[in-house]
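The values are calculated or read from the model by the stated rules, or taken from the named source; none is laboratory data. Bear in mind that the values here come from a model prediction, so they are computed numbers and not experimental data. Cβ: placed from backbone, ideal geometry, glycine included. Neighbour counts: every protein chain shown. Calculation scope for accessible area: heavy atoms of the full protein, side chains included, ligands and nucleic acids excluded. Shrake-Rupley method; radii C 1.70, N 1.55, O 1.52, S 1.80 Å.
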Amino acid sequence: MSRATPGAPSESNLGQAMGTCRSAGSHATVAATITRALSVGVGLGLALAAGACTASSEEVRPPADQLFFPTGLAASPDESLLFVMSANSELRYDSGTVQVIDLATVDETIDAWLTSGERPTGCERDLTLPGILDCDEARFFIAGAGVRTGNFGANLAVQDLGGGNLRLVVPVRGDPSVTWIDWSAADRKLSCSSDSGFQLCDDAHRLTRMRGDDSLPQVVSEPFGVYVDSTAEVAMVTHLTSGTVTLVDLPPDGPPVLADVIGGLFASDPTTGARGATAVAGRTPGGLMYVTSRTENRVQTFAVSRPGGADALPLLLAGDYFFLSRVGTNAGQSSDTRGIAFGAGGDRAYMMNREPPSLALVDTSDDGLGFPRNEVTGATDLCREASGLAVADVGDGERAYVSCFQDGEVYVIDPRGGVEVEDIATIGRGPFSVVASPTRRRLYVSNFFENTVAVVDLTPGAPTQNRVVLRIGLPEDQ
């Protein structure tokens, strides 16, 4: 079962959706443009701006029940919800969206499918891989829970506010801004505006000025990676085309604030002149945060301080740095690290590299003097254009899961003994973000080019282990 692409970048449906528009070219041409833009990290708004034009609000309002170019994924702390960003990367609509998937409904559908072959209404056996069930995504969306955001969001992260209430932090490249969205456990919906219905996040929820002060600088362009520390009540955002990081204050009982910024962290590429900060992750709650670059093999650490007291705005403190000096066959030449994830307890970090394509294992345990060792202990080769990284233990030891945007796969990597690829799963077209749910024993992967979220079974020893069992969304015709 498949859907004729409502959001695919073809000349005819762009014209229908957006009125009198300059031709966006063929599907293949625009898809290639998107691929190049994602690969080199430029703003998709710049790459595809020719597709935009004036149209009525109803013609360009995005659908509330579909995925279109899904990118960022994030799970709630209790693993009951999955938040999915649609990036609107060919500018068919006036905005992107964040939708909410009920993971209990996902599990019920998978369990019925695997035990009895049951296919609910709106679901069909996949035509090419009959072990997979393809279902219309509306079946899993919490109705009326989604909101509309700016274009070209790539990542999102979740702050735990307690009592089941959450806050999403979303770097939006098209604005640019850091957008924040609240989740109400009582209402079971997202909110980022006083409007009703399918809300468009208002200016109050789009952070664009440092400390909310018009006399201070605007947020740096291309906000990209994000990490939220609910214990320290902060978020750190990286900027893809500059060596810059931004710190966001996240008071649970008040609005977030762009609190601090540090630039010039990484050297520029000697050939292209490009530079950029990419991945960010925290070693432990309230502890050090690690940031990587797309132009240098250096990893920079940061601490957060509130010198004016608990109610004061936080500041970034740059700490030690180290180099990924034993990655792949070109030792010392790693220059594009796109993902970081820490194992349980923070004593081990996984760092996903594109140049050379590899996953490095870093010993971040305490050296006895109160500092992490930060020593590369091993590495394994990866696919090209790796884009997402998750780490989880579902009952048989920790594994790393890496999405391969170009090859349509996920690599499963076992760090025990040596760092080696244990399995390779076929996922879909353009797998981007990955999120693991240890308690549900599932892996969720956004497929950018087919407008789906693939669900991978991680159950140890199951016939379907490390295989896609469900696609949320009907794969688009190409």
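Could you tell me whether any residue of segment 86-93 is under 19 Å from the mean Cα position of the chain (by Cα), surrounded by fewer than 23 Cβ atoms within 10 Å (Cβ to Cβ), under 27 Å from Arg61 (Cα atoms) and in contact (Cβ under 8 Å) with a residue 24 or more places away in the chain? It would help to see each step written out before you state the result.
As a first pass, look at segment 86-93 and keep what is under 19 Å from the mean Cα position of the chain (by Cα): 86-90.
From what is left, the residues that are surrounded by fewer than 23 Cβ atoms within 10 Å (Cβ to Cβ) are none.
No, segment 86-93 contains no residue that is under 19 Å from the mean Cα position of the chain (by Cα), surrounded by fewer than 23 Cβ atoms within 10 Å (Cβ to Cβ), under 27 Å from Arg61 (Cα atoms) and in contact (Cβ under 8 Å) with a residue 24 or more places away in the chain.
Going by what's in this entry, would Ala400 be described as closer than 30 Å to Thr459 by Cβ, of a type in the set (A, V, I, L, M) and either surrounded by 16 or more Cβ atoms within 10 Å (Cβ to Cβ) or more than 20 Å from the chain's Cα centre (by Cα) (or both)?
On the way: closer than 30 Å to Thr459 by Cβ: yes; of a type in the set (A, V, I, L, M): yes; either surrounded by 16 or more Cβ atoms within 10 Å (Cβ to Cβ) or more than 20 Å from the chain's Cα centre (by Cα) (or both): yes.
Yes.
I'd like to verify a number: residues in segment 394-431 that are out of contact with any Phe, Trp or Tyr (no Cβ under 8 Å at 6 or more places or on another chain), closer than 14 Å to Ala349 by Cα and either aromatic (Phe, Trp, Tyr) or modelled with pLDDT of 95 or more (or both), how many?
3
Checking the conditions here, which among Gly96, Gly72, Gly43 is modelled with pLDDT under 80 and either open to solvent by less than 20 Å² (accessible area, probe 1.4 Å) or in contact with a strand residue (DSSP E or B) (Cβ under 8 Å, 6 or more places away or on another chain) (or both)?
None of the other options fit; the residue is Gly43.
Going through Glu385, Glu355 one at a time, which residue ends up being touching a residue at least 12 places away in the same chain (Cβ under 8 Å), on the phi > 0 side of the Ramachandran plot and acidic (Asp, Glu)?
Criteria check complete, one pass: Glu385.
Looking at segment 197-225, I want the residues that are farther than 29 Å from Ile340 by Cα and aromatic (Phe, Trp, Tyr) and have a partner that is in a loop (DSSP other than H, G, I, E, B) and open to solvent by less than 60 Å² (accessible area, probe 1.4 Å) with Cβ atoms under 7 Å, at least 6 apart or on another chain. Which pairs are those?
Cβ pairs passing all conditions: Phe198/Ala64; Phe198/Gly146.
Does segment 177-212 hold any residues that are modelled with pLDDT of 95 or more, closer than 18 Å to Ile262 by Cα and in a loop (DSSP other than H, G, I, E, B), and which are they?
Thr208, Arg211, listed by residue number.
Among the strands (runs of 3 or more DSSP E) confined wholly to segment 95-149, which include 3 or more residues that are of a type outside the set (Asp, Glu)?
The strands (runs of 3 or more DSSP E) meeting that bar are 96-102, 147-149.
What single numbered condition from (1) closer than 23 Å to Asp136 by Cβ; (2) surrounded by fewer than 24 Cβ atoms within 10 Å (Cβ to Cβ) fails to hold for Gly430?
(2)
Considering segment 358-380 alone, what residues qualify as being in contact (Cβ under 8 Å) with a residue 12 or more places away in the chain and either touching a Gly at 6+ places or on another chain (Cβ under 7 Å) or among the hydrophobic types (A, V, I, L, M, F, W, C) (or both)?
Passing the criteria: Ser358, Leu359, Ala360, Leu361, Val362, Thr364, Phe371, Val376, Gly378, Ala379.
Yes or no: segment 324-344 includes at least one residue that is touching an Asp or Glu at 6+ places or on another chain (Cβ under 7 Å), over 24 Å from Phe266 (Cβ atoms), touching a residue at least 40 places away in the same chain (Cβ under 8 Å) and not in a strand (DSSP E or B).
yes
Select the strands (runs of 3 or more DSSP E) contained entirely in segment 220-273, then report the ones holding at least 3 residues which are of a type outside the set (Lys, Arg) and more than 19 Å from the chain's Cα centre (by Cα).
Numbers: elements: 223-229, 234-239, 244-249, 257-262.
Answer list for segment 220-273: 257-262.
Being under 23 Å from Ser95 (Cα atoms) and either open to solvent by 20 Å² or more (accessible area, probe 1.4 Å) or without any contact (Cβ under 8 Å) to a residue 60 or more places away in the chain (or both): is that true of Arg139 here?
Values: under 23 Å from Ser95 (Cα atoms): yes; either open to solvent by 20 Å² or more (accessible area, probe 1.4 Å) or without any contact (Cβ under 8 Å) to a residue 60 or more places away in the chain (or both): yes.
In short, yes.
Here are some residues: Ala312, Ala277. Which one is open to solvent by less than 30 Å² (accessible area, probe 1.4 Å), within 23 Å of Ala74 (Cα to Cα) and not polar (S, T, N, Q)?
None of the other options fit; the residue is Ala277.
Write out, first by first residue and then by second, each pair whose Cβ atoms fall under 9 Å of each other, whose residues are 6+ apart or on separate chains, and whose first residue, in segment 56-78, is free of Cβ contacts under 8 Å to residues at least 60 places away in the same chain while the second is open to solvent by 10 Å² or more (accessible area, probe 1.4 Å) and basic (Lys, Arg).
Val60/Arg92
Picking from Gly378, Gly397, Gly428, which residue would you name as being small (Gly, Ala, Ser) and within 27 Å of Arg125 (Cβ to Cβ)?
So the residue among Gly378, Gly397, Gly428 that is small (Gly, Ala, Ser) and within 27 Å of Arg125 (Cβ to Cβ) is Gly428.
Being open to solvent by less than 30 Å² (accessible area, probe 1.4 Å) and closer than 15 Å to Val158 by Cβ is the filter; apply it to segment 185-206 and report the residue that is farthest from the chain's Cα centre (by Cα).
Applying the filter and picking the extreme gives Cys192.
Please go through segment 159-184 and pick out each residue that is among the aliphatic types (A, V, I, L, M) and open to solvent by 30 Å² or more (accessible area, probe 1.4 Å).
Leu161
Would you say Ala318 is among the hydrophobic types (A, V, I, L, M, F, W, C) and open to solvent by 50 Å² or more (accessible area, probe 1.4 Å)? Give the steps one after another, and end with the answer.
On the way: among the hydrophobic types (A, V, I, L, M, F, W, C): yes; open to solvent by 50 Å² or more (accessible area, probe 1.4 Å): yes.
Yes.
What number of residues in segment 439-467 are polar (S, T, N, Q), at negative phi and open to solvent by less than 10 Å² (accessible area, probe 1.4 Å)?
Residues of segment 439-467 polar (S, T, N, Q): 439, 446-447, 451-452, 459, 464-466.
If we keep only those that are at negative phi too, we end up with 439, 446-447, 452, 459, 464-465.
Among the residues that remain, those that are also open to solvent by less than 10 Å² (accessible area, probe 1.4 Å) are: 446-447, 452.
So the answer is 3.
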